[in-house]
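**Q** I am attaching a structure below and will ask some questions about it afterwards.
The values are calculated or read from the model by the stated rules, or taken from the named source; none is laboratory data. Here the structure is a predicted model, which means the values were calculated and not measured. Here the Cβ is made from the backbone with ideal geometry for all residues, glycine too, and neighbour counts use every protein chain on show.
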Amino acid sequence: MWTVRELMQWTQERFTKAGIDGARTDVEYLLAAAMGCDRMSLYVRHDDVVSPEAKATFRGWVKRRLAREPVAYLLGRRGFHALDLELEVDPRVLVPRPDTEHLVDWLLEELPSDAADGAAILDVGTGSGAVALAIAKARPGASVTACDVSDDALALASKNATSAALEVRLVRSDLMEAVPTPEGGWRAVAANLPYIPSAELDALQPEVARWEPRLALDGGADGLDLIRRLIVQARRALAPGAGLYLELGHDQSQAVADLMRDAGFEQVAARKDYGQIERVVRGFTPA
């Protein structure tokens, strides 16, 4: 006979001892899902006894979480962006991060609603479809395309688009190589590509190193292999005065800004994430 309070306290201690960051939050998400309620409801049900069925589900998830499987994979979903997108996620794709919301926000700021009708926007390396779907939801007049080299990722992105009732064209492509350039060029290109240097992959948090797909993480020797290629491709395919928005690793903003300037981009700038790391670099083609 375990109450909500007892089960939360016991599990939080186990997670903390195991070195899991955000132990309390993880416990809340898992227990609320097992009980079929929202997280806030747990605080008015502290003295409720957890049913045997809910307890069995919860304990199964706790065991897997102690093996460092991400909570998003356990629950099979992850919320993304202030637009309340609920995405299905599994080990075929990266778990969408709050840091990526900065990339979306910056693009949306510079593509206001009154300029978005008919605008062709491309999300490269879409994974779960998070970036493309957030843009499509915020700018329903835009024509959004998303591409990925992984058939598995595209299958999941398609499922998420259907669930969200959003129209996004999906293309299998190695970066932009197989994506037809629209007449007049792309109005914006966004990408959260693999940017982890190969030698650093095994040192990542276990949730990432053990569970998330290497294809979506490995950026080559210095982490910039795919980013270099995309900058060249985007420069040729963007419309005059259009923007390229790239999410990066914690120490890559200067190198990527230099690459963009060398390719002919103008007004190159960086934006910091919640941890004050320069996480997104943006540049425009000449008008």
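Quick grid of which residues meet (1) in contact with a Gly (Cβ under 9 Å, 6 or more places away or on another chain); (2) without any contact (Cβ under 8 Å) to a residue 60 or more places away in the chain:
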site	(1), (2)
Thr162	no, yes
Val179	no, yes
Leu193	yes, no
Pro197	yes, yes
Glu207	no, no
Leu215	no, no
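**Q** I would also like to ask the following. In the range 139-173, which residues are aliphatic (A, V, I, L, M) and loosely packed, with under 15 Cβ neighbours inside 10 Å?
**A** Listed by number, the residues that qualify are Ala155, Ala165.
**Q** Quick check on my filter: what residues within the range 271-287 are under 24 Å from the mean Cα position of the chain (by Cα) and under 21 Å from Gln233 (Cβ atoms)?
**A** Val280, Val281, Arg282, Gly283, Phe284
**Q** Which ones in the range 76-87 are surrounded by fewer than 17 Cβ atoms within 10 Å (Cβ to Cβ), under 13 Å from Ser163 (Cβ atoms) and in contact (Cβ under 8 Å) with a residue 40 or more places away in the chain?
**A** Glu86 - this is the single residue of the range 76-87 that is surrounded by fewer than 17 Cβ atoms within 10 Å (Cβ to Cβ), under 13 Å from Ser163 (Cβ atoms) and in contact (Cβ under 8 Å) with a residue 40 or more places away in the chain.
**Q** Restricting attention to helices (runs of 4 or more DSSP H) lying wholly within the range 182-287, give those where 3 or more residues are modelled with pLDDT of 95 or more, surrounded by 17 or more Cβ atoms within 10 Å (Cβ to Cβ) and of a type outside the set (Val, Ile, Thr).
**A** The qualifying helices (runs of 4 or more DSSP H) are 225-237, 253-262.
**Q** Now for a different question. Kindly list the number of the only condition in (1) under 30 Å from Pro182 (Cβ atoms); (2) in a helix (DSSP H, G or I) that fails for Leu94.
**A** So the condition that Leu94 fails would be (2).
**Q** Filter the range 117-148 for residues that are of a type outside the set (Asp, Glu) and touching a residue at least 60 places away in the same chain (Cβ under 8 Å) and give the result.
**A** Across the range 117-148, the qualifying residues are Ala119, Ala120, Ile121, Leu122, Val124, Gly125, Gly127, Val131.
**Q** Can you tell me how many residues in the range 26-55 are exposed (fewer than 14 other Cβ atoms within 10 Å of the Cβ) and closer than 23 Å to Gln205 by Cα?
**A** Final tally of qualifying residues: 0.
**Q** Among Glu6, Glu69, which is within 22 Å of the chain's Cα centre (by Cα), at pLDDT 95 or above and either under 30 Å from Leu248 (Cα atoms) or surrounded by 14 or more Cβ atoms within 10 Å (Cβ to Cβ) (or both)?
**A** Answer to the selection: Glu69.
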